[in-house]
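Read through the structure below, which is laid out as structure tokens, and then see the notes.
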Amino acid sequence: MKNIRNIIPFCLLAFLPVGLRAQGLPTDGPLTLRPMLQQLGERLLQGKTGSIVAINPQNGEILCLATNTPHGADVRQAIGKPQAPGSTFKTAQALTLLSEGIVTVDTKVECNKGFIDGNIRVGCHQHRSPLALKDAIAQSCNSWFLVTFASMINDDFMYGSKDEAITTWRSYMQSMGLGGPMHIDMEGEQGGLLAGADYLNRRYKDGWDGKTIWWAGMGQGDVTLTPLQLCNLAVSIANRGWYYVPHIHKDTKNPRYLTRRQTKVAREAYSIVVDAMRMAVDQGTATSIKTSYPICGKTGTIENPGEDHSAFIGFAPMAEPKIAVSVYVEHGGFGADLAAPMAGLLIEAYLKGQLTPASEARAKRIAAKKIK
Ligand SMILES: [Zn+2]
């Protein structure tokens with residue numbers, strides 16, 4: 001039995017190049033992809049449009065780069081199609097706001113299924129109010145993140161101008177690898193959008209302030225990222241402040257992929273956000289993962305024409321992370337509906353080497369779900 005289990009991965013590897021070419025993945029291996037994860041990712045994405053990206057946080061190796069579209073697998077879905085990150089982005093927001101001293105772990109914001117500001121109604125879920133930061137992440141409170149982001153951008157006393165405030169904000173996001181191409185070792189990568197002063201001054205010719213762009217506080221509006229960048233965000237949080245540029249070629253000698261990148265985020269901010277991401281899986285919006293592993297994560301439900309997109313970022317184990325994952329399923333509904341349980345299965349498969357019978361049954365149910 002042991003011998004057979006050792007032989008299977010090599011059999012799968014032999015078949016991989018054909019599949020890789022069809023998906024737009026490199027064929028000049030050896031690659032860092034784990035066949036078991038790649039196949040599980042492809043299976044879970046059947047009948048759906050989206051991507052599953054997994055990275056080893058300890059070395060930046062891409063473990064899974066599974067994609068699907070109505071026309072078959074297409075790697076651009078993961079690396080070349082920036083989309084709104086939704087509430088997964090609240091992790092990066094919290095890290096930035098904490099580092100700048102705009103909020104503390106005790107900062108509370110009122111929310112009664114959202115709030116009304118002039119003609120604008122911001123929706124939120126039913127949860128107790130007011131929430132402090134960790135609960136605001138675990139329960140994904142929109143009010144908390146819109147109000148605190150706007151207060152940073154409108155803090156003229158601290159920054160002197162809106163331009164300077166947004167430039168500071170952007171510098172944190174860029175230090176986390178967001179908003180621009182990461183220059184991975186593959187063709188077809190796109191950057192995305194992170195609102196900057198020049199862009200905002202062009203776009204809002206009559207002027208703008210924190211409230212004009214506060215939707216970015218919850219990952220909508222003037223911010224788009226690729227699933228690859230979202231997975232790298234999970235990597236940098238897993239490592240509490242650093243990452244290697246993701247890469248798919250094994251044993252690379254290119255210094256670009258062997259140099260640790262440090263984020264601008266204050267180290268103490270990470271322990272707060274990591275705790276909050278653990279709470280999200282344990283008792284917040286991501287309990288649908290249903291796992292005994294100490295997974296830290298954040299759901300995202302992205303508003304767009306038609307059914308919402310379902311997203312999730314996470315990593316595990318909490319103390320010494322071995323895998324970081326992002327899942328993005330177009331029109332998949334709530335982040336908790338599809339993306340979170342899909343990520344949970346991938347993490348379990350990687351950490352245990354196989355799925356339990358209960359998890360395998362769950363994988364079959366998810367794989368059978370078709371989304372038009
Ligand atoms: Zn709320």
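Quick one: count up the residues across the range 109-121 that are within 10 Å of the ligand (Cβ to nearest atom) and of a type in the set (Val, Ile, Thr).
So in the range 109-121, the residues within 10 Å of the ligand (Cβ to nearest atom) come out as 109-115.
This time we only want the ones that are of a type in the set (Val, Ile, Thr), so: 109.
Looking only at that region, the number is 1.
Looking at the range 300-329, which of its residues are at pLDDT below 95 and closer than 14 Å to Lys90 by Cβ?
Result: Gly300, Thr301, Ile302.
When you look at Ala197, is it in contact with a helix residue (DSSP H, G or I) (Cβ under 9 Å, 6 or more places away or on another chain), farther than 15 Å from Gly80 by Cα and surrounded by fewer than 18 Cβ atoms within 10 Å (Cβ to Cβ), yes or no? Reasoning before the result, please.
Values: in contact with a helix residue (DSSP H, G or I) (Cβ under 9 Å, 6 or more places away or on another chain): yes; farther than 15 Å from Gly80 by Cα: yes; surrounded by fewer than 18 Cβ atoms within 10 Å (Cβ to Cβ): yes.
Spelling it out, Ala197 is indeed in contact with a helix residue (DSSP H, G or I) (Cβ under 9 Å, 6 or more places away or on another chain), farther than 15 Å from Gly80 by Cα and surrounded by fewer than 18 Cβ atoms within 10 Å (Cβ to Cβ).
From (1) closer than 25 Å to Ala276 by Cβ; (2) surrounded by fewer than 18 Cβ atoms within 10 Å (Cβ to Cβ); (3) touching a helix residue (DSSP H, G or I) at 6+ places or on another chain (Cβ under 9 Å), pick out the condition that doesn't hold for Leu345.
Evaluating Leu345 over (1) closer than 25 Å to Ala276 by Cβ; (2) surrounded by fewer than 18 Cβ atoms within 10 Å (Cβ to Cβ); (3) touching a helix residue (DSSP H, G or I) at 6+ places or on another chain (Cβ under 9 Å) leaves (2) as the failure.
Do we find that Gly29 is more than 16 Å from the ligand (Cβ to nearest atom) and at positive phi in this structure? Spell out the reasoning first.
Working: more than 16 Å from the ligand (Cβ to nearest atom): yes; at positive phi: no.
Answer is no for this residue.
Name the residues in the range 207-228 that are out of contact with any Leu (no Cβ under 9 Å at 6 or more places or on another chain) and without any contact (Cβ under 8 Å) to a residue 40 or more places away in the chain, would you?
Gly207 - this is the single residue of the range 207-228 that is out of contact with any Leu (no Cβ under 9 Å at 6 or more places or on another chain) and without any contact (Cβ under 8 Å) to a residue 40 or more places away in the chain.
Filter the range 224-280 down to residues that are assigned to a loop (DSSP other than H, G, I, E, B) and small (Gly, Ala, Ser) and give me whichever is surrounded by the fewest Cβ atoms within 10 Å (Cβ to Cβ). Even if it seems obvious, please write down each step before you answer.
Residues of the range 224-280 that are assigned to a loop (DSSP other than H, G, I, E, B), as a first pass: 226, 239-241, 244-246, 248, 250-254, 258-260, 263-266.
Adding the requirement that they be small (Gly, Ala, Ser) leaves 241, 266.
Details: Gly241: 20, Ala266: 15.
The extreme case among them is Ala266.
When you look at Ile102, is it in contact (Cβ under 8 Å) with a residue 12 or more places away in the chain, surrounded by 21 or more Cβ atoms within 10 Å (Cβ to Cβ), more than 11 Å from the ligand (Cβ to nearest atom) and among the aliphatic types (A, V, I, L, M), yes or no? Reasoning before the result, please.
Working: in contact (Cβ under 8 Å) with a residue 12 or more places away in the chain: yes; surrounded by 21 or more Cβ atoms within 10 Å (Cβ to Cβ): no; more than 11 Å from the ligand (Cβ to nearest atom): yes; among the aliphatic types (A, V, I, L, M): yes.
Spelling it out, it is not the case that Ile102 is in contact (Cβ under 8 Å) with a residue 12 or more places away in the chain, surrounded by 21 or more Cβ atoms within 10 Å (Cβ to Cβ), more than 11 Å from the ligand (Cβ to nearest atom) and among the aliphatic types (A, V, I, L, M).
Go through the range 122-177 and give me each residue that's within 24 Å of the chain's Cα centre (by Cα), outside any helix (DSSP H, G or I) and more than 10 Å from the ligand (Cβ to nearest atom).
Scanning the range 122-177 gives Ala132, Met176, Gly177.
The values are calculated or read from the model by the stated rules, or taken from the named source; none is laboratory data. Note that the structure is a prediction, hence the values are computed from the model and not measured. Every residue, glycine among them, receives a Cβ derived from its backbone with ideal geometry; neighbour counts consider all protein chains shown.
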